[in-house]
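Peer 1: Sending over a structure as structure tokens; questions will come in a sec.
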Amino acid sequence: MHEKRICRKCLLEEIGETELIKSLEELKAAMPEEDRADSAEYARRLAICRECEALNDGTCAKCGCYVEFRALKKRMYCPHEERKW
Ligand code: SF4
């Protein structure tokens, strides 16, 4: 049997933690539309996170947030010293 390998640079949707993803999806769905980043901005932010050394199992080592949730909030910003997004 193959052991499932988890990449440190994966987002939650790729890790496949079903219950966690479900909870995250519920949180995202509960966020008012006007508070959400548009889909292009959301994708841009996550693309930057994927390349960042602070991404660790879907969380940001700089703040502890799940990046897929943090990136969804329009007014949120990257906590990195370089403020990557
Ligand atoms: S430091 Fe910024 S770019 Fe890096 S994982 Fe955290 S939120 Fe994403």
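Peer 1: Filter the range 55-64 for residues that are near the ligand (Cβ under 7 Å from one of its atoms) and under 11 Å from the mean Cα position of the chain (by Cα); which is nearest to ALA29 (Cα to Cα)?
Peer 2: Restricting to residues being near the ligand (Cβ under 7 Å from one of its atoms) and under 11 Å from the mean Cα position of the chain (by Cα), the top hit is CYS60.
Peer 1: If you don't mind, there's one more thing I want to ask. Which of the helices (runs of 4 or more DSSP H) contained wholly in the chain include at least 2 residues that are modelled with pLDDT of 90 or more? Step through it out loud before you land on a result.
Peer 2: On the way: elements: 12-15, 18-30, 39-50, 67-70.
Here the list reads 39-50, 67-70.
Peer 1: Then there's this: List every residue pair whose Cβ atoms sit under 8 Å apart, with the two residues 6 or more apart in sequence or on different chains, where the first one lies in the range 35-60 and is more than 14 Å from LEU72 (Cβ to Cβ) and the second, anywhere, is surrounded by 15 or more Cβ atoms within 10 Å (Cβ to Cβ) and hydroxyl-bearing (Ser, Thr, Tyr).
Peer 2: THR59/TYR66
Peer 1: When you go through GLU26, GLU19, GLU33, GLU14 one by one, which is the residue that is surrounded by 11 or more Cβ atoms within 10 Å (Cβ to Cβ) and more than 13 Å from the ligand (Cβ to nearest atom)? Outline the logic, then answer.
Peer 2: On the way: GLU26 fails: surrounded by 11 or more Cβ atoms within 10 Å (Cβ to Cβ); GLU19 fails: surrounded by 11 or more Cβ atoms within 10 Å (Cβ to Cβ); GLU33 fails: surrounded by 11 or more Cβ atoms within 10 Å (Cβ to Cβ).
That would be GLU14, the only listed residue that is surrounded by 11 or more Cβ atoms within 10 Å (Cβ to Cβ) and more than 13 Å from the ligand (Cβ to nearest atom).
The values are calculated or read from the model by the stated rules, or taken from the named source; none is laboratory data. None of the values given here were measured: they were computed from a predicted structure. Quick reminder, even Gly has a Cβ in these numbers, built from the backbone with ideal geometry, and neighbours come from all protein chains shown.
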